[in-house]
Amino acid sequence: MARADIAMEIRHEDSAAGGRGDEGPLIKYYRASEALPGAVPVLHGLLRKGPATCAAVQTSSGILSFGIGVVFAASFGINNSLLTLFRVPIITGIMFVVAGILSNLLYKSPGLLQTCFIANIVCLVVSGIGVILLAVDLNPVGNQIEHKMEVLVLCVTLMDMLIAAVLIFWFYREKRDHKK
């Protein structure tokens, strides 16, 4: 949306062709004297921070976490680790994909702010539980490939938790400012 800061004042053309004697000029030019402020869109402060970028990273890392969880569940035995027993990367991956898509839809539907806020809190809590399970299960003595994949899942989950915490902070501030 473009705006111009142009004054609206009448300019008279006092030339032989433009004027009609004492009656005044035939042509008047109007210019804006002051610009009216444009309407501030809903969630303007939040959307300037770029939550869509964080949401895109959240969605893509959720897909990565889900994929690693599927590979991990298909490759290793279910009784070997808590990671495969509780399907931690699969559950967190699905939750982060959903939360990322909801956060990305804030541009089109600002009414989803409360839903995004709650979805990210749930993702943060479930991921916290998942990180605790992964940290307890982290065992470098066993299979080296399995250990490396557990570390990768732990890193991706921690990154997702960090992104969710930033989004929760931004959504909370926007909700607080919106009430005022």
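The values are calculated or read from the model by the stated rules, or taken from the named source; none is laboratory data. Only a predicted model underlies this, so the values are computations on that prediction, with no experimental measurement involved. Virtual Cβ from ideal backbone geometry, glycine too; neighbours counted across all protein chains shown.
Of note:
- Listed here are the helices (runs of 4 or more DSSP H) enclosed by region 39-102 that have at least 3 residues being at pLDDT below 70: 44-49, 82-85.
- Long-range neighbours under 8 Å by Cβ, at least six apart or interchain, first residue touching a residue at least 40 places away in the same chain (Cβ under 8 Å) and under 21 Å from C155 (Cα atoms) within region 112-134, second among the hydroxyl-bearing types (S, T, Y) and part of a helix (DSSP H, G or I): N120/S103; C123/T92; G130/T92; G130/T157; L134/T157
- Selected residue (criterion: farthest from the chain's Cα centre (by Cα)) from residues of region 134-162 that are within 16 Å of A74 (Cβ to Cβ) and of a type in the set (D, E, K, R): E146
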